[in-house]
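Colleague: The structure that follows is given in the form of structure tokens.
The values are calculated or read from the model by the stated rules, or taken from the named source; none is laboratory data. Not measured: the values here are computed from a predicted model. All Cβ positions, glycine included, derive from the backbone under ideal geometry; neighbour counts span all protein chains shown. Keep in mind that these areas ignore ligands, DNA and RNA; they rest on the heavy atoms of the full protein, side chains included. Shrake-Rupley method; radii C 1.70, N 1.55, O 1.52, S 1.80 Å.
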Amino acid sequence: MQKITIQETQRRKDKPADEAELGFGTLFTDHMLVMDYDWGQGWGDMRIVPYGPFQMDPACCVLHYAQTIFEGLKCYRRADGGLQLFRPVDNFERMNISAQRLCMPQLDIPAVMEGLKALLRLDAGWVPSAPGTTLYIRPTLIATDNLLGVHASRSYRFFIILSPVGAYYASGLAPVNIYVEENLVRAVRGGVGFTKTGGNYAASILAGARAEEKGFAQVLWLDGKENRYIEEVGSMNMFFKFRDGLVTPPLNGSILDGITRRSVIQLAQAAGYPVTQRPLSVDEVFDAAEAGGLDEAFGTGTAAVISPVGMLQWRDRVIRLSGGDIGPLTRQLYDRLTGIQYGTQPDPFGWVTRLD
Ligand code: COI
């Protein structure tokens, strides 16, 4: 087990005055965790140090070839003031899957969990308590060799930073409008679409910016081969509620194996709603909606939680769902999921790790 050394900051920052005004990922806490890897020596000790910039050589290979992966998970404040994490080990397991695809070293998950808990103990005062707020945790692994050959790096830096956050979308729980992208693609089979690597997000920025100009919050990606099957939204997996149950695209290698997605499948099934994971074409969704057979659509993600979709546009076809409001099943799943996450409802699944 790696040692953890702690260097406390001499100057703690002011906390946000109004937690209800927290956006997403703009403020960071007083400390961060850092751990370096060197080929031949393995992982060094974990250091918790004051939050601050890294010094990097301009030839640092992550800046050129994007050998980088990250995760996103959250720490919740319960009504009794205590803190808890939601499925944290699932995040680090997924990070190891991303690491394998990107030729990066595996994390020792129990050791990293100890480091994360030590960091959270030190910055516990930053976990907000206003409704809908959390402390977002961003573990990241970057390649740090300073050379321009395209190879797996021999040195890496792992770090965890923490950010008090509110809703991911400015609209909060109000339904989002989504544009179905049909020219640009996010990922293809055999690529890195299933990993949380920076390049997937960089590849999505152009389509996202164009959609925003048209007044949409996000882009819905179609498959890279036929431009027909629904993939994901980039920050969310997608669910559609048809008359006979919920449908979500299968894990086909080009979409993320979302931890909120997994949880929602289990919660829906536990509540008696059938969930099918199957290829779902965009024309099936629009045809069903136009025939009155699509009741609700929502996205799931750690940052986005469960976000209802109010409107979808594909070419010149527009569908509006749930009268512009959150649909009843979306609301039920949102309440159940967040009830477990914030500790107001029982957790029969063993998803929660209490920190006190
Ligand atoms: C998350 O939901 O944690 C994500 O990583 C999405 C992110 C791009 C905000």
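Colleague: What shape does the stretch 220-298 take by its C-alpha gyration tensor, where a ≥ b ≥ c are the square roots of the eigenvalues and a/c under 1.5 counts as rounded, a/b above b/c as prolate, and the rest as oblate?
Modeller: Oblate, since a/c reaches 1.5 and b/c is not below a/b.
Colleague: From Cα pairs below 8 angstrom and at least 6 apart in sequence, can you work out the relative contact order of the chain, rounded to a whole percent?
Modeller: In percent, rounded to a whole number, it is 18.
Colleague: Using the basic label-point model (7 angstrom from Cα toward the beta carbon), what is the ALA152 to THR26 distance in nanometres?
Modeller: Between ALA152 and THR26, the label points sit 4.1 nm apart.
Colleague: Between LEU63, GLN84, ALA167, whose Cα lies farthest towards the positive end of the dipole of the chain when Lys and Arg beta carbons carry +1 and Asp and Glu beta carbons carry -1, centred on the Cα centre?
Modeller: Farthest along the dipole direction, towards plus: GLN84.
Colleague: Where both residues lie in the stretch 129-228, what percent of DSSP beta bridges are antiparallel, nearest 5?
Modeller: Around 75 percent of the beta bridges assigned by DSSP in the stretch 129-228 are antiparallel ones.
Colleague: Now a separate question. Given a Förster distance of 30 angstrom, what is the FRET efficiency for TRP39 paired with ALA118, based on the Cβ-Cβ distance and rounded to 0.05?
Modeller: In this case the efficiency is close to 0.70.
Colleague: How much length, in nm to one decimal, is gained on full extension between VAL188 and LEU63, taken as 0.36 nm per residue of separation minus their Cα-Cα distance?
Modeller: 42.7 nm
Colleague: Excluding residues fewer than 8 places away in the same chain, name every one of the lysines whose C-alpha is closer than 25 Å to that of LYS74.
Modeller: LYS3, LYS13, LYS15, LYS117, LYS196
Colleague: Let me ask another. For the stretch 4-165, what does the accessible surface come to per residue with a 1.4 Å probe? Please give it in Å².
Modeller: 46 Å²
Colleague: Could you give the longest part of the chain that holds none of the chymotrypsin sites (Phe, Trp or Tyr not before Pro) found in DSSP loops with at most 13 neighbouring Cβ atoms within 10 Å?
Modeller: Longest stretch, sites excluded: 55-348.
Colleague: How large is the dipole of the stretch 206-304 about the Cα centre if only Lys and Arg carry +1 and Asp and Glu carry -1, each at its Cβ, rounded to the nearest 20 debye?
Modeller: 260 debye
Colleague: Quick one: what are the phi-derived ³J(HN,Hα) couplings along the stretch 186-203, Karplus 6.51/-1.76/1.60 with θ = phi - 60°, whole Hz, x for glycine and proline?
Modeller: Working through the residues one at a time gives 8, 7, 10, 4, x, x, 10, x, 7, 9, 9, 10, x, x, 4, 7, 4, 5 Hz.
Colleague: Further question: Per-residue HN-Hα couplings for the stretch 45-55, Karplus 6.51 cos²θ - 1.76 cosθ + 1.60 at θ = phi - 60°, whole Hz, x for Gly and Pro?
Modeller: For the stretch 45-55, the Karplus-derived couplings read 6, 8, 10, 9, 9, x, 4, x, x, 9, 8 Hz, x marking Gly and Pro.
Colleague: Something else about it: Which residues in the stretch 329-356 have a backbone N closer than 11 Å to a point placed 7 Å from the Cα of ARG262 along the Cα-to-Cβ line?
Modeller: Only 351 pass the distance filter.
Colleague: Out of the stretch 92-192, which GluC sites (Glu not before Pro) are coil in DSSP terms and have no more than 16 other C-beta atoms within 10 Å?
Modeller: GLU182
Colleague: How do ILE259, ILE109, ILE4 stack up against each other in accessible area, from largest to smallest, with a 1.4 angstrom probe?
Modeller: ILE4, ILE109, ILE259
Colleague: Sticking with this structure for a sec: Which is farthest toward the positive dipole end of the stretch 312-356 among GLN332, GLN345, VAL318, measuring Cα position about the Cα centre, with Cβ charges +1 (Lys, Arg) and -1 (Asp, Glu)?
Modeller: VAL318
Colleague: Ok, one more. Give me the extension gain from ALA271 to LEU251: residue separation times 0.36 nm, minus the current Cα-Cα distance, reported in nm with one decimal.
Modeller: 4.9 nm
Colleague: Over the stretch 197-270, with every protein chain in place, what whole percent of the accessible area is carbon and sulfur at 1.4 Å, could you tell me?
Modeller: 50 percent
Colleague: Can you tell me what share of the DSSP beta bridges in the stretch 214-356 is antiparallel? A percent to the nearest 5 is fine.
Modeller: That works out to approximately 85 percent antiparallel.
Colleague: Among DSSP beta bridges lying fully in the chain, give the percent that are antiparallel, nearest 5.
Modeller: So the antiparallel bridges amount to about 80 percent of the total.
Colleague: Quick one: with all protein chains in place, what share of the accessible area of the stretch 72-188 is carbon or sulfur, to the nearest percent (1.4 Å probe)?
Modeller: Taking all protein chains in place, the stretch 72-188 shows 54 percent carbon and sulfur surface.
Colleague: So, for the stretch 176-342, what is the accessible surface per residue at a probe of 1.4 Å, expressed in square angstrom?
Modeller: 39 Å²
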